[in-house]
Each structure stands twice: as structure tokens, then as C-alpha cells.
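The values are calculated or read from the model by the stated rules, or taken from the named source; none is laboratory data. Only a predicted model underlies this, so the values are computations on that prediction, with no experimental measurement involved. So basically every Cβ, Gly included, is an ideal-geometry build from the backbone, and we count neighbours across all protein chains shown.
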Amino acid sequence: MRTPDREVRAVPWPTFASDADEPPRLRAALDAVTRGWEAYDVVFAAGVTDPAAPPEQLWRSNVALPIAVIEATSRRESVRYMTLGTVFELFPEFADANPYVDSKRRLWRCLQAVGTLTRDRRVVHVRLHTVYGGRPKPHMFLGQMITALCGATQFRMSSGHQLREYHHVQDVAGALLAILDSESSFGAEPLVLSAGEPVRLADLARAVFEACGRPDLLKVGAIAAAPSENERVRFPRSDAAVLPFYRDPLVGVAEYVRTECVRRSSHGKTV
């Protein structure tokens, strides 16, 4: 993708996965992708998100590969790095119980160990809330709701007291570009991208099932909540220069799920 002031090249993380243990090969592969660029930013936006994935897979995609890429390119002082984490890194008990969140926490610790990057303001670790709008992931809350709605089966959930922020992928993409354009965003501490307006999961689920015309499928309180869930913490809103616009998740998520169900129905799919 090319815009008037930047060019973006998307490289799926498996492209370099086999080279992560071979620094010369990895460096050559990266040089081929960035040929002709004097300065560039590396955004680590891909990886494994399923906490049930094999631990080695989570480690290689979310920690080992980003660190290998950084080590292969960091001698060029014009290169900067953006890594994406999760706000749940800030909840120790939750992170201890969730291998995906723990992998993001371990990534930040590795970045801290490379002190020159943080000292020279060449790295920013952005902690995100839940992102929606792309292809739904079956293991996540929205993916599970879509599966239940498409299959006309009950959706059994906890009491839903948990607080969550849901951000549309296009809004997050715009915010990440704004962060890259702001040198003050880079530094020794992670940056939390937040709208400051969380919703309770039960309220979100009710809005979704109502919008899809199947409130009868929703069973709130049918299962126990996971331990150490966030039921109290509300993050302050990010600077408007970074996140100028925030979609109401009760409206945006419901429309996203409804559209996805219609799309699958039109393709003759039941999940």
C-alpha cells in the first residue's frame, strides 16, 4: 500500500519464521524487503493470539521472531520498531493464567533488556484493548458469538461483569499511524491505547443478540467467569491526537457481528 507520505509493505510472520534462528539469512531476507529504504519502521502486527496454541508456537511468533528481527536490523539507527501487546499485561494474575498475554509480557521484558532501543527512543510497545472488524477468530468472544448465531445454538457465558474496550480495526490502524508520526510516543514505557469508555461483556452480548434478532440464544450467567478478570479498572482516554474518534462498541460490534452472520448465510455456511 502506498500513500503520499509513506509506503507500507505487509509481510506475514511465517515468511521469516524459518530464518529466525539464522541471523545472516534473516538479515538478507529483511534487506530484500526493505531495499531502497534509508529509514523505515517495523510494526509487529502479526502473530498467534490463541492462548490454547502450543507454547513453543506462541513463543516463536510473539517473542522470538520480533526479537530476532530487531537484532538483525537495530544496527541501522534509522530503523524504529512498534510492537503490539495487550492491556492485560497489566493484570499479573490474568497474565500468569493466559499464555498469550504472558507471551506479550515476556516480549516487553525482552525489549527492556535491549536498553539502547528504549533509551534512544526507537521502540514503542503499544498495549491494545480488543480489536474487531477483521476476520473473526473462533477462540475469541466475538468469534464464539458469531458461531452460536450462525448455528442457532445457545451462547452460554458468565455473568458478564467483566469490563472491556472494543476498538474497530480501522480506528486502531489510524491511531498506530499517528503514534508512528509522534516521536514523543517512543520511549521507556509502553503506551496504552484506550478510549476510556469500557462496556460490560453482558451488555455487549445483549446488544449483539438483540441486533441479530436472537436474544433467546443468549444465556448470561450460565458458566463461571475466568479468575482475575477486570471488573473495576477503567483506563484513561488516550490523547485525541492519537485517538480522535471512537465508535460506540454497543453499536459497532453489534453491526459487525450482524454483518458477518449475514455474509456467512449468503455463502451458505453454518458454523
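Values as computed for the structure displayed
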| read-out | value |
| --- | --- |
| Candidates Val69, Val63, Val42 - the one that is in contact with a Lys or Arg (Cβ under 7 Å, 6 or more places away or on another chain), of a type in the set (A, V, I, L, M, F, W, C) and within 19 Å of Pro23 (Cβ to Cβ) | Val63 |
| Number of positions in the range 177-213 that are of a type outside the set (Val, Ile, Thr) and part of a helix (DSSP H, G or I) | 16 |
| Neighbours by Cβ (under 9 Å, 6+ apart or cross-chain): first from the range 211-226, touching a residue at least 40 places away in the same chain (Cβ under 8 Å) and aromatic (Phe, Trp, Tyr); second surrounded by 13 or more Cβ atoms within 10 Å (Cβ to Cβ) and not in a strand (DSSP E or B) | none |
| Criterion: surrounded by fewer than 18 Cβ atoms within 10 Å (Cβ to Cβ), aliphatic (A, V, I, L, M) and under 30 Å from Val262 (Cβ atoms) - qualifying residue of Ala113, Ala152 | Ala152 |
| Odd one out for Ala173, checked against (1) part of a helix (DSSP H, G or I); (2) surrounded by fewer than 19 Cβ atoms within 10 Å (Cβ to Cβ); (3) in contact with a Leu (Cβ under 8 Å, 6 or more places away or on another chain) | (3) |
| Near pairs, Cβ below 7 angstrom, 6+ apart or cross-chain, from the range 82-106 (at pLDDT 95 or above) to any residue that is of a type in the set (Asp, Glu) and not in a helix (DSSP H, G or I) | Met82/Asp41; Tyr100/Asp50 |
| Helices (runs of 4 or more DSSP H) lying entirely in the range 1-118 (those with 2 or more residues that are in contact with an Asp or Glu (Cβ under 7 Å, 6 or more places away or on another chain) and more than 30 Å from His139 (Cα to Cα)) | 23-33 |
| Condition met for Gln144 (surrounded by 14 or more Cβ atoms within 10 Å (Cβ to Cβ) and polar (S, T, N, Q)) | yes |
| Contacts under 9 angstrom Cβ, first residue in the range 242-266 being under 21 Å from Leu128 (Cα atoms), partner among the basic types (Lys, Arg), 6 or more apart | Leu243/Arg237; Tyr246/Arg237; Pro249/Arg164; Leu250/Arg206; Val253/Arg247 |
| Among the residues listed as Pro215, Pro244, the single one being closer than 30 Å to Thr83 by Cα and not acidic (Asp, Glu) | Pro244 |
| Residue under evaluation Ala225, criteria (1) closer than 30 Å to Thr147 by Cβ; (2) of a type in the set (Gly, Ala, Ser); (3) surrounded by fewer than 19 Cβ atoms within 10 Å (Cβ to Cβ); (4) within 21 Å of the chain's Cα centre (by Cα), criterion not met | (4) |
| Test set (1) within 30 Å of Asp41 (Cβ to Cβ); (2) surrounded by fewer than 15 Cβ atoms within 10 Å (Cβ to Cβ) - Gly213 fails condition number | (1) |
| Answer residue from the range 16-57, given it is polar (S, T, N, Q) and surrounded by 12 or more Cβ atoms within 10 Å (Cβ to Cβ) and is modelled with the lowest pLDDT among those | Thr34 |
